[in-house]
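For reference, the structure discussed in these notes is given below.
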Amino acid sequence: MTVAVPKLTLERRLLREHTLVIACDEVGRGALAGPVAVGTVAVDAPRARRRVPEGLRDSKLVAAHHRPAVAERAAAWVQASAVGWSSAAEIDEVGIIRALGLAALRAIAELRAFGVVPEDAIVLLDGNHDYITPAGGTGLRVQPVIKADRDCASAAAASVLAKVARDDLMVGLHDEAPAYHWARNKGYASAEHRAAIRSHGLSPHHRASWAIADAPTLF
């Protein structure tokens with residue numbers, strides 16, 4: 001099966017009206033453990049005229065062993081990039097949707113260090129719901145786009161960067177709590193992960209407010 005290459009059609013159209021596109025995509029929303037991550041990239045008109053980096057796809061469509069190289073090419077292609085985080089404890093405290101918004105705002109704030117002015121941009125958000133504005137993103141123009149990570153190259157870049165960053169973090173956390181096999185399942189609800197929870201209980205990195213015992217197997 002041939003996988004369609006994400007294009008820059010939407011970005012080029014938006015850049016006729018805005019000086020910059022900031023694309024956002026999240027990773028880890030459905031995990032049982034670990035933080036949620038939101039990747040952001042800034043793309044201006046000159047970069048939107050360049051060729052899409054080789055191998056760039058929605059992170060779910062890129063083989064794990066290829067993702068670091070694709071992420072490196074994506075980071076070199078965009079004007080600036082960042083990943084924002086919201087911890088498991090924060091997810092328990094405020095809920096996953098607000099946590100996503102806070103992680104996105106943290107990532108967008110990091111772009112300022114690269115000279116990006118988010119208020120001058122249109123923020124392209126993968127999905128059908130704007131979780132950024134209610135979390136405090138006043139002054140930002142947010143445009144949710146369904147399947148943006150599949151169809152828009154900038155959102156695909158944000159997706160891959162967030163996925164690589166979060167996977168690396170979960171591999172590091174595995175050394176803290178190897179019983180949960182996070183190096184393999186990255187905090188998602190694999191059968192071995194749920195079996196470990198039944199045997200050892202929850203760690204501080206688990207989302208304790210979730211109905212973890214009833215979570216479906218995702219891998």
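The values are calculated or read from the model by the stated rules, or taken from the named source; none is laboratory data. What you see is a predicted model, and the numbers here were worked out from it, not measured in a lab. Virtual Cβ from ideal backbone geometry, glycine too; neighbours counted across all protein chains shown. Keep in mind that these areas ignore ligands, DNA and RNA; they rest on the heavy atoms of the full protein, side chains included. Shrake-Rupley method; radii C 1.70, N 1.55, O 1.52, S 1.80 Å.
Between L202 and E119, the distance separating the two model label sites (each 7 Å from Cα on the Cα→Cβ line) works out to 4.0 nm. Through the Karplus equation 6.51 cos²θ - 1.76 cosθ + 1.60, θ set to phi - 60°, convert the phi angles of segment 39-47 into ³J(HN,Hα) values in whole Hz; use x for Gly and Pro. Result, ordered by residue: x, 9, 9, 10, 10, 9, 4, x, 6 Hz. Here the Gaussian network model covers the chain, with springs between Cα atoms less than 10 Å apart; of R16, R98, R166, R16 fluctuates the most. Compared with the direct C-alpha span, the chain from V171 to K7 gains 55.9 nm at full extension, assuming 0.36 nm per residue. For segment 104-219, the solvent-accessible area with a 1.4 angstrom probe is 46 square angstrom per residue. For C152, nonlocal amide neighbours, meaning residues 5 or more places apart or on other chains whose placed amide H falls under 5 Å from its own, are K7. Counting only alpha carbon atoms, the long axis of helix 191-200 and the longest principal axis of the chain meet at about 50°. The fraction of accessible area contributed by carbon and sulfur in the chain is 54 percent, rounded to a whole number (1.4 Å probe; ligands and nucleic acids excluded).
What the phi angles of segment 153-165 give under the Karplus curve with 6.51, -1.76 and 1.60, with θ = phi - 60°, is a coupling list of 4, 5, 5, 4, 4, 4, 5, 5, 4, 5, 5, 5, 5 Hz, glycine and proline written as x.
Here the Karplus curve 6.51 cos²θ - 1.76 cosθ + 1.60, taken at θ = phi - 60°, turns the phi angles of segment 103-118 into couplings of 4, 4, 5, 5, 5, 4, 4, 5, 5, 4, 5, 9, x, 7, 10, x Hz, with x standing for Gly and Pro. The Cα atoms of segment 32-102 cover 42, 29, 14 Å along the three principal axes, with the biggest extent listed first.
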